[in-house]
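Undergrad: Below you will find the structure I want to go over with you.
The values are calculated or read from the model by the stated rules, or taken from the named source; none is laboratory data. In this text the structure is predicted, and so the values were computed from the model without any measurement. A quick note on method: Cβ atoms are made from the backbone with ideal geometry, for glycine too, and the neighbour counts reach across all protein chains shown.
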Amino acid sequence: MTFNIFAILGACAIGLSLGLMGSGGSILTVPVLVYLVDQPEKIAIAGSLIIVGSIALLGALPYIKQKQVDWNTVWLFGIPGMIGTYGGAWLSTYLSGLMQLSIFAVVMLLASYFMLRPPSNLEAKSDHERHLIKIVIDGLIVGIITGIVGVGGGFLIVPALVLLGGLTMRTAIASSLVIIALKSFSGFIKYLDVLKESGLSLDWHVIWIMILVGGLGSFIGNKIANKVPQDKLKKIFGVFLIIMGIYILIKSIPKLLA
């Protein structure tokens, strides 16, 4: 395994994205581990869960201190999410690493849609009545996606918390970080069994470096969150996700077909 300056920069980007937007960081982690650190797909997906969960938890600390986390929504969304993530990790045992990576690319393209669509009515609908059953179902679905492809799902969680949970954007971002941490740790526990059955092991040296560097990035992101135009940032990130998603599909599909 290699760990170079590009991987460290990738870890910074993961943390900054989580700190700034409450999402996006996990979508970067798997490509960083696969293409910059040269890890096999399943090891990268498992490692991304503990990395993203830890960075999200570190990034959530300032929000928790500022009392901006809605704990009722966290448990309402997070517990089904944890169950779904554990189940998704179990399902991953029936998928090859290349298939998981291809699904991951599709999720990236889905994430780009959420990043690029007009921010129209998120804040305008933030005072709507909570749709509890929809929140629970959404938490379960996002959890399954997390378990299969190793993404925290913040790009799905934040809009759901605003539109279904009636939260402001700031509170949704704060709460999403806690939810991402809970789901990621749940999936990681199951992935330890998955890796053991496959005869694979994690590179903890890489994991700790990325957690430390990414955690620092998340604190910086939190500090500058109110000073950066979020809409422009999301558009740039959305275009990047389209490019990366297409790149991963181009690399993965021929191998799958072969």
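Undergrad: Would you mind telling me which numbered condition in (1) in a helix (DSSP H, G or I); (2) touching a helix residue (DSSP H, G or I) at 6+ places or on another chain (Cβ under 9 Å) residue 202 fails?
TA: Evaluating residue 202 over (1) in a helix (DSSP H, G or I); (2) touching a helix residue (DSSP H, G or I) at 6+ places or on another chain (Cβ under 9 Å) leaves (1) as the failure.
Undergrad: Looking at residue 11, is it of a type in the set (A, V, I, L, M) and at pLDDT 85 or above? Don't jump to the end; show me each part of the working.
TA: Numbers: of a type in the set (A, V, I, L, M): yes; at pLDDT 85 or above: no.
The answer is no for residue 11.
Here's the yes/no breakdown for (1) at pLDDT 80 or above; (2) on the phi > 0 side of the Ramachandran plot:
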site	(1), (2)
166	no, yes
178	yes, no
191	yes, no
204	yes, no
209	yes, no
215	yes, no
223	no, no
240	no, no
250	yes, no
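Undergrad: Something else now. On the given criteria, is residue 239 among the β-branched types (Val, Ile, Thr) and either without any contact (Cβ under 8 Å) to a residue 24 or more places away in the chain or buried (at least 21 other Cβ atoms within 10 Å of the Cβ) (or both)? Let's see the steps before the verdict.
TA: Details: among the β-branched types (Val, Ile, Thr): yes; either without any contact (Cβ under 8 Å) to a residue 24 or more places away in the chain or buried (at least 21 other Cβ atoms within 10 Å of the Cβ) (or both): no.
The answer is no for residue 239.
Undergrad: Among (1) of a type outside the set (Val, Ile, Thr); (2) within 25 Å of residue 84 (Cα to Cα); (3) surrounded by fewer than 18 Cβ atoms within 10 Å (Cβ to Cβ), where does residue 205 come up short?
TA: Status for residue 205: all satisfied but (2).
Undergrad: Do you know which of the residues in the stretch 15-33 that are within 11 Å of the chain's Cα centre (by Cα) and at pLDDT 80 or above is surrounded by the fewest Cβ atoms within 10 Å (Cβ to Cβ)?
TA: Selected residue: 28.
Undergrad: Got a sec? Which of 64, 83, 79 is among the aliphatic types (A, V, I, L, M) and either surrounded by fewer than 17 Cβ atoms within 10 Å (Cβ to Cβ) or in contact with a Cys (Cβ under 9 Å, 6 or more places away or on another chain) (or both)? Spell out how you get there, then give the answer.
TA: Numbers: 83 fails: either surrounded by fewer than 17 Cβ atoms within 10 Å (Cβ to Cβ) or in contact with a Cys (Cβ under 9 Å, 6 or more places away or on another chain) (or both); 79 fails: either surrounded by fewer than 17 Cβ atoms within 10 Å (Cβ to Cβ) or in contact with a Cys (Cβ under 9 Å, 6 or more places away or on another chain) (or both).
Just one listed residue meets the conditions, 64.
Undergrad: Next up: Taking the stated definitions as given, is residue 199 among the small types (Gly, Ala, Ser) and in contact (Cβ under 8 Å) with a residue 12 or more places away in the chain?
TA: Working: among the small types (Gly, Ala, Ser): yes; in contact (Cβ under 8 Å) with a residue 12 or more places away in the chain: no.
When the stated conditions are applied, residue 199 does not pass them.
Undergrad: Moving to a separate point now. Looking at the stretch 111-129, which of its residues are surrounded by 17 or more Cβ atoms within 10 Å (Cβ to Cβ) and at pLDDT 80 or above?
TA: Residue satisfying the conditions is 112 alone.
Undergrad: I've got another one for you. Are there any pairs with C-beta distances below 7 angstrom linking a residue in the stretch 155-172 that is within 19 Å of residue 224 (Cα to Cα) to a residue that is surrounded by fewer than 24 Cβ atoms within 10 Å (Cβ to Cβ) and small (Gly, Ala, Ser), with the two at least 6 apart or on different chains, and if so which?
TA: 168/126
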